[in-house]
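S.K.: My questions will all concern the structure given below.
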Amino acid sequence: MMIRTPVPKRARPIEPAPIIESPPTGSDHHRQLAIYEDPPSADPARREPYHEPLQQSEHMLCTYQCRQMVKADFLDALSNAEKQVQDYQSQLAELSDNFRKADEERKTFREKLSYAEQELAAAKGREQALHDQLLKEVNDSHERLKKELESSAKLQTKLENEQNLHKKAESTAAAAEDKSRELEAKLGHISQSIEKEKKRLNNELVHLKRDSKFSISKITVDLEKMEFRAQSSEKEVELLRKQQEDLQSKFSECFHHKSELEKKLTSLSFEDVSPKESDILVKHLQEELRNYESEVREARKLKSAHENIELINEKLLEEKSRRERAELQLPKLHEYELKINELEDELSAWKLMIQEIPGVSCRDDIRLRISALQKEVIDNLKKLGDVNAHLKQMEVILDKTQLDKQKTETEAVLAKEKADRLEAEVKRMNVMLSAVSEERNVLKTAIEDFKSKNEQAGGNASSSIMQELGSSILEREPYIKELEGDLFAQKEINTRQRDEIKSLHDRLNSEARRVKSLERENDRLRSEIFLLESKIGHGDFSAANTKVLRMVNTLAVGNDAKQTIEALQSELQRTKEKLQALEEYKSQSGNSGKMVDSYMSGKVAQLKEQIATLEKREERYKTVFADRISVFRRACCELFGYKIVMDERQHTNGIPVTRFTLQSIYAMNDNEKLEFEYESGNTNIVENSYTSTSEISQQVDIFVRKMNSIPAFTANLTVESFNRRTLS
Amino acid sequence: MASKTAAKDIITLRGSAAIVSEFFGYAANSILYNRAVYPEESFARVKKYGLPMLLTKDEGVKSFISNLNAQLSEWLEAGKLQRVVLVIMSMNTGEVLERWNFSIETDNEVVEKGVSREKSDKEIMREIQAIMRQIASSITYLPCLDEQCVFDVLAYTDTDVAVPFTWMESSDAKLIANPQMVKLHSFDTKIHKVNTLVSYKNDEELDDEE
């Protein structure tokens, strides 16, 4: 410290000595320039201990040079001070800028803080709402769970009941099945026994048949015998009849004789014949008559006796045959008795069985009972099926409830996860809030520091800048956190997209598989189509759905005839040419042609004959065709009411055109004609004087042009002309 | 009847049957000409389907084909016709050399309910034109018919069809053993779809050379 002796100065008011401290500048910072002014009064009482060293130096007063030096130094110091002031001012300006920036930043941070507070409040509100919603959902899910559990408990009880019912039904069904099996076994036994009986009866029948055949044969033999006997008896009867007839004739002769005798007698009574002879005659006759009568009576008796004998013989024979049959069947009687015993035993066994079967009193009831049991079995099976169906429904319902339960559980889990996520969000928001509040505090401290630093405006400028930089870094941290949060969200989005891509990939694979299967099916169908087409091409058909019809084709025959005609015609022309050539040659040559002539003439005659036949045939065809066509034309005229005239023409382009001229049979005059042109399958009406009249042209417009129907037009015209004709 | 509308024409069952039977008539004529079943001079040139078509002048063949077309039209309107086959046979041996198969798929809804369909006439004509061109160009791959041939027509119908007076039921479907088949284009009126296929006897000489 350089202390100079100050120049004595004017008195100044009593003030404490101002001390201006200059900021440290370069190398002079270790030196302090003190501009000292003489105090107004050297009052020893007022001397401060501080100035004691200076008072001591008062003794060391400088000369003018010293003053100049001091001045220079002062000026230097002033300039330095000014520089320093400028620096300070610039620093102040910077600081003020920084302060402004910091103020602005503070404002922005305040805004952000308020925004964060608002967000926080909103997040809190959302959290609260979510919390409430979550609580509601949890309560709902709890209630649903409870309900589901109750319903599942009910369903389980129902299921148990149904299972019990099912078991009962199964047991009843099993019992019914057992019963039915037993009955079926019994039925089987019965059927077997019935079959055995049937067989036995069949055997018996066979035996009986054999016996009957045997008896029949016997009877036939007996019959033959009887026939012989009958024939013999008939012969005897005839003889007897003859005898009877003889006797009768004799009787009639006697009667006649008697009547004659009586007549004679009566006549004799009138004649005086000797009574004795007549009496004797009468007596003789009477005796003869009596004899004859007695003979007739005896013959009758004999005859009746004979008949009786015959009857008796027949009866005897019958009895004999019966006896023989009975004798033959005697040994069988024992067998039949045994069989009867057996059958009786079986019958009793059946009856016992029938008595055992409840609800059955006779054989017919068995069938009814079996049918009833079968119906019962069927009903039980139906019930069993219904119970099974019901059980399955219950199982389905149970599965559904379980699925619902699982769904609710998953929903509850999801809700929990949501709640956890929300809590994490809330925590994150709290953390953000704390970070923001810390930042705010930091900012506050930074601002305060800045303010204090501004107030001090000296010393630790660089350290404040460093602090500010640190604070700005701290300020950036939430941004970084936000960015990290965004990054995290982006990562989540990416993972979700990756999952979506995976699912799409899977879908793509499944679609590719489906496409392959469709392609395979397509190939199979194509091969089937190819097979079917080959079958169609080959002409295969199913006789169940299709029948093949063929039109009667006379073209080949006609073609044959035409071809022969053409061939013959060509041959005819050739022969004609040959003939002409020969005639020319003949005219040239002389005798040598005679030989040829005869041969040629023969050939010519043949050819001429052929030509004649062909020409005749051609004329015949023409006449036949003309007849047929005329018949056809007349028929068409009568059927359709129009005379049709056909005319072939040719267009300018070479295409042939057929013109048809139609005249109605009810036309009033010859001018009423319709003309049509037929070309390549198309028929067009040609305008003429008749069709250009108003009535006809109207009809042509309606029927031909609008409705495209010529038959309707012609039919309408026919009816109109018919009406006109009949009315007129 | 086909009536003109803006872009598509209304096709009725009768109209479709007429189109198909007319097509068959022209196709039969074209086949007879291209396969030389009848001599060239017996055919006359007409314009149809935008192409110069050849129709026979022979009255017998003409009447045969026209009667055939009338019957086919009737069967088509009833929806009873399944297939029409034009068979070319050797006159001497009766051997079947070619089978021109026209199979017909009918829309039964139109037959039962009498509804109509829409399709452009031009489109149908274009499709028929393509088939006619293919028939004309078939001579490039079909074997030559060196011998005199005759033709016959078979109709595959439903079993409940009454056999007309001029037709008879045939047990012989006139098939070719191991035929070569060539499928041609088809045309569709939306009511009747006609698929064309020609099957012909394998030319053994060519096969040996191959």
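The values are calculated or read from the model by the stated rules, or taken from the named source; none is laboratory data. Not measured: the values here are computed from a predicted model. Don't worry about glycine lacking a Cβ; one is built from the backbone with ideal geometry, like all the others, and counts go over all protein chains shown.
S.K.: Kindly check whether there is at least one residue in region B:116-136 that is small (Gly, Ala, Ser), over 28 Å from A:Ser680 (Cα atoms) and in contact (Cβ under 8 Å) with a residue 60 or more places away in the chain.
M.R.: No: zero hits.
S.K.: Also: Can you tell me which of A:Thr683, A:Thr726, A:Thr658 is of a type in the set (Val, Ile, Thr), within 56 Å of the chain's Cα centre (by Cα) and loosely packed, with under 14 Cβ neighbours inside 10 Å?
M.R.: Answer to the check: A:Thr683.
S.K.: Would you confirm, using the coordinates I've provided, whether A:Leu352 is under 30 Å from A:His166 (Cβ atoms) and modelled with pLDDT of 75 or more?
M.R.: Numbers: under 30 Å from A:His166 (Cβ atoms): no; modelled with pLDDT of 75 or more: yes.
So A:Leu352 does not fit the description; no.
S.K.: Hey, among the residues in region B:174-195 that are within 8 Å of another protein chain (Cβ to nearest Cβ) and free of Cβ contacts under 8 Å to residues at least 60 places away in the same chain, which one's nearest to B:Glu22 (Cα to Cα)?
M.R.: The selected residue is B:Lys183.
S.K.: Going through B:Val198, B:Val194 one at a time, which residue ends up being more than 18 Å from B:Ser137 (Cα to Cα) and in a strand (DSSP E or B)? Walk me through how you get there before you give the answer.
M.R.: Working: B:Val198 fails: more than 18 Å from B:Ser137 (Cα to Cα).
The conditions single out B:Val194.
S.K.: A further question on this structure: Could you check, for region A:545-560, whether at least one of its residues is at pLDDT 75 or above, over 27 Å from B:Gln71 (Cα atoms), out of contact with any Pro (no Cβ under 7 Å at 6 or more places or on another chain) and surrounded by 11 or more Cβ atoms within 10 Å (Cβ to Cβ)?
M.R.: Taking every residue of region A:545-560 in turn, none turns out to be at pLDDT 75 or above, over 27 Å from B:Gln71 (Cα atoms), out of contact with any Pro (no Cβ under 7 Å at 6 or more places or on another chain) and surrounded by 11 or more Cβ atoms within 10 Å (Cβ to Cβ).
S.K.: Within region A:616-728, considering only strands (runs of 3 or more DSSP E) that don't extend past its boundaries, which have at least 2 residues that are touching a Phe, Trp or Tyr at 6+ places or on another chain (Cβ under 9 Å) and either among the basic types (Lys, Arg) or within 14 Å of chain B (Cβ to nearest Cβ) (or both)?
M.R.: Where strands (runs of 3 or more DSSP E) fall fully within region A:616-728 and carry at least 2 residues being touching a Phe, Trp or Tyr at 6+ places or on another chain (Cβ under 9 Å) and either among the basic types (Lys, Arg) or within 14 Å of chain B (Cβ to nearest Cβ) (or both), they are A:656-664, A:673-679.
S.K.: Just checking, how many residues over region B:31-42 are over 22 Å from B:Leu81 (Cα atoms) and buried (at least 19 other Cβ atoms within 10 Å of the Cβ)?
M.R.: So the answer is 5.
S.K.: For region A:462-518, which positions are among the basic types (Lys, Arg), within 30 Å of A:Glu104 (Cα to Cα) and modelled with pLDDT of 75 or more?
M.R.: Scanning region A:462-518 gives a single hit, A:Lys481.
S.K.: Now, a different point. Name the one entry in B:Glu147, B:Glu169 that is surrounded by fewer than 15 Cβ atoms within 10 Å (Cβ to Cβ) and within 11 Å of chain A (Cβ to nearest Cβ).
M.R.: Working: B:Glu147 fails: within 11 Å of chain A (Cβ to nearest Cβ).
Only one candidate passes the filter, namely B:Glu169.
S.K.: Continuing with the same structure: Go through region A:344-355 and report how many residues are in contact with a helix residue (DSSP H, G or I) (Cβ under 9 Å, 6 or more places away or on another chain), without any contact (Cβ under 8 Å) to a residue 40 or more places away in the chain and of a type outside the set (Val, Ile, Thr).
M.R.: Going through region A:344-355 one residue at a time, the tally reaches 1.
S.K.: Same structure again: Counting only residues that are within 27 Å of B:Leu175 (Cα to Cα), over 15 Å from the mean Cα position of the chain (by Cα) and more than 10 Å from every other protein chain (Cβ to nearest Cβ), give me the strands (runs of 3 or more DSSP E) lying completely in region B:1-117 with at least 2 of them.
M.R.: Filter on region B:1-117 gives B:96-106.
S.K.: Could you give me the residue pairs with C-beta distances under 7 Å whose first residue belongs to region A:398-410 and is farther than 14 Å from A:Glu150 by Cα, whose second residue is surrounded by 13 or more Cβ atoms within 10 Å (Cβ to Cβ) and not polar (S, T, N, Q) wherever it lies, and which are 6+ apart or on separate chains?
M.R.: Here the result reads A:Thr408/A:Arg144; A:Thr408/A:Leu145; A:Thr408/A:Glu148, each pair linking region A:398-410 to a residue that is surrounded by 13 or more Cβ atoms within 10 Å (Cβ to Cβ) and not polar (S, T, N, Q).
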